[in-house]
Amino acid sequence: MSKKKVLVTGGAGFIGGNFVQYMIDKYPDYDIYNLDELTYAGDLIKHKRIQSKDNYYFVKADIADRKTIMSLFKKEKFDYVVHFAAESHVDRSITNPEIFIRTNVLGTQVLLDAAKEINVKKFVHVSTDEVYGELDFDPKTFFTEDTPLQPNSPYSASKASSDLLVRAYHETYGLPVNITRCSNNYGPYHFPEKLIPLTISRVLNDERVPVYGDGKNIRDWLHVQDHCSAIDLVLHNAKSGEVYNVGGHNEKTNLEVVKTIINTLEKSEELIEFVEDRLGHDKRYAIDPTKLEKLGWTPIYDFDSGIANTIQWYLDNKEWWEQIISGEYKNYFASQYSIK
Ligand code: NAD
Ligand code: DAU
């Protein structure tokens with residue numbers, strides 16, 4: 001296998017962070033560059049194990065900083081770009097949409113220009129099932145790659161906008177691209193603002209867990225390692241211009257997820273507190289992954305094994321999440337929720 005230079009944007013965040021480690025372990029012959037601005041959602045503690053490796057490089061930069069990004073691309077001449085960097089939390093996009101447009105839309109455009117300038121061999125844009133909007137509760141309906149884009153939140157609108165830019169750079173300039181649209185991820189290093197790590201961390205501290213509305217909204221959960229293997233496959237094997245949905249048929253109501261965590265940790269379901277619903281809360285997401293399966297992808301985790309593995313990880317890595325929830329996160333939580 002020839003030596004490749006791979007740029008991973010957002011590699012200090014949850015999924016990008018897991019992907020950087022996955023790539024370092026699987027492809028010792030590749031040089032892996034992690035480009036990240038280190039916003040509230042990014043940290044390098046998660047890369048302690050790999051930071052002294054000869055083939056790991058970290059670049060602190062803002063993807064929307066055109067001058068810096070252009071000169072980095074011209075200097076390093078990356079073969080592949082895998083683009084995760086984004087503002088990723090729906091609730092934050094409802095209170096502060098502007099940064100989502102700057103990072104997710106303008107930032108992606110800067111990266112596309114830079115990738116075009118140096119003729120990268122593949123640009124994989126990591127997107128989300130949320131661009132398709134919502135499904136009703138009919139369990140026979142799924143998002144396919146042909147489902148129209150109907151994003152409902154400022155976050156998903158910004159991701160859909162970036163998807164369209166990626167598509168346009170392929171159609172107009174012939175940039176070799178793929179877009180992946182994955183369902184909800186969970187696993188190690190998931191930032192505790194999101195439902196699963198929020199529930200685990202609060203339950204472990206005997207704190208109440210906020211469940212929006214009636215808790216019946218459905219998400220389709222995928223372990224982050226299975227998302228990493230999907231992106232790896234798309235990066236190396238997918239035809240340019242193609243879109244792939246990623247999901248493992250693990251639909252659960254939010255209440256089921258929260259109760260599973262509480263029961264695994266042998267705590268009381270009285271910790272559940274129903275709170276005001278999220279504005280524009282999408283009812284249900286569910287992915288049809290047939291196209292990706294035909295490319296050769298098989299997920300390893302079902303939800304039961306994945307959530308057990310994840311809960312154990314949070315028990316074994318308290319230091320990581322405790323330093324997050326004791327910092328600026330406290331102010332975020334207080335501004336977002338009426339419970340203590
Ligand atoms: P995250 O919020 O955990 O991490 C985002 C990372 O991007 C952080 O390290 C942050 O520092 C970095 N970043 C933010 N703005 C930046 C900027 N301007 N320049 C450089 N770096 C910047 O996000 P995540 O949950 O790991 O999601 C990663 C990607 O996957 C996103 O594009 C998201 O839309 C997509 N996605 C997420 C999920 C999910 O369930 N979390 C599912 C499908 C798709
Ligand atoms: O579907 C993929 C998307 O999944 C990604 O594109 C996003 O980046 C990622 O954040 C995630 O979005 P969600 O909004 O689905 O994830 P979140 O963990 O915020 O919420 C999951 C569900 O749980 C959702 O229906 C809202 C609900 N919820 C969430 C929080 C934070 C609660 O009931 N209480 C909460 O406190």
>> Quick check on the chain: helices-only [θ] at 222 nm, where DSSP H runs of length 4 and up contribute -39,500 (n - 2.57) each and the sum goes over total residues. Nearest 500, please.
In response: -11500 deg cm²/dmol
> For the range 6-18, in order, what is each residue's ³J(HN,Hα) by Karplus, 6.51 cos²θ - 1.76 cosθ + 1.60 with θ = phi - 60°, in whole Hz (x at glycine and Pro)?
Replying inline: 10, 9, 10, 8, x, x, 9, x, 5, 6, x, x, 5
> Build a GNM of the chain with springs between Cα atoms under 10 Å: which of GLU273, GLU256, GLU328 gets the top mean-square fluctuation?
Replying inline: GLU328
> So how much slack lies between GLU293 and ASP65, counting 0.36 nm per residue of separation and subtracting their Cα-Cα distance, in nm?
Replying inline: 78.4 nm
> Quick one: net charge of ASP136's neighbours, Cβ under 11 Å, K/R +1, D/E -1?
Replying inline: 0
>> For the chain, set up a GNM with springs between Cα atoms under 10 Å and report which of LEU149, LEU279, LEU198 has the largest fluctuation.
In response: LEU279
>> Based on alpha-carbon centroids, what's the gap between the range 99-116 and the range 272-340 in Å, whole number please?
In response: 26 Å
> Compactness ratio of the chain: Cα Rg over 2.2 N^0.38 Å, N = residue count?
Replying inline: 0.95
>> Using the Karplus curve 6.51 cos²θ - 1.76 cosθ + 1.60 with θ = phi - 60°, what ³J(HN,Hα) values do you get for each residue of the range 245-252, in whole Hz, with x for Gly and Pro?
In response: 7, 10, x, x, 6, 10, 7, 9
> Which residue fluctuates the most in the chain, going by a Gaussian network model with Cα springs under 10 Å, if the choices are SER93, SER156, SER71?
Replying inline: SER71
> Around SER229, what is the net charge, scoring Lys/Arg as +1 and Asp/Glu as -1 over all other residues with Cβ under 14 Å from its Cβ?
Replying inline: -3
> Roughly what angle does helix 108-117 make with the longest principal axis of the chain, taking Cα atoms, 0 to 90 degrees, to the nearest 10?
Replying inline: 20 degrees
> Each label point is 7 Å from the Cα along the Cα-to-Cβ direction; what then is the distance between the points at ILE300 and ASP138, in nm?
Replying inline: 3.7 nm
> Using 0.36 nm per residue, how much length does the chain from GLU266 to GLU76 gain when fully extended, once their Cα-Cα distance is taken away?
Replying inline: 63.3 nm
> Summing +1 for each Lys or Arg and -1 for each Asp or Glu, what net charge is found among the other residues whose Cβ lies under 9 Å from the Cβ of LYS283?
Replying inline: -1
> Given a cut-off of under 8 Å on Cα pairs at least six residues apart, what relative contact order in percent is computed for the chain?
Replying inline: 17 percent
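Every number here is computed from the coordinates shown, using simple stated rules; none is lab data. Worth saying up front: this structure is predicted, and the values here are computed from it rather than measured. All Cβ positions, even for glycine, are placed from backbone atoms using ideal geometry, and neighbour counts span all protein chains on display.
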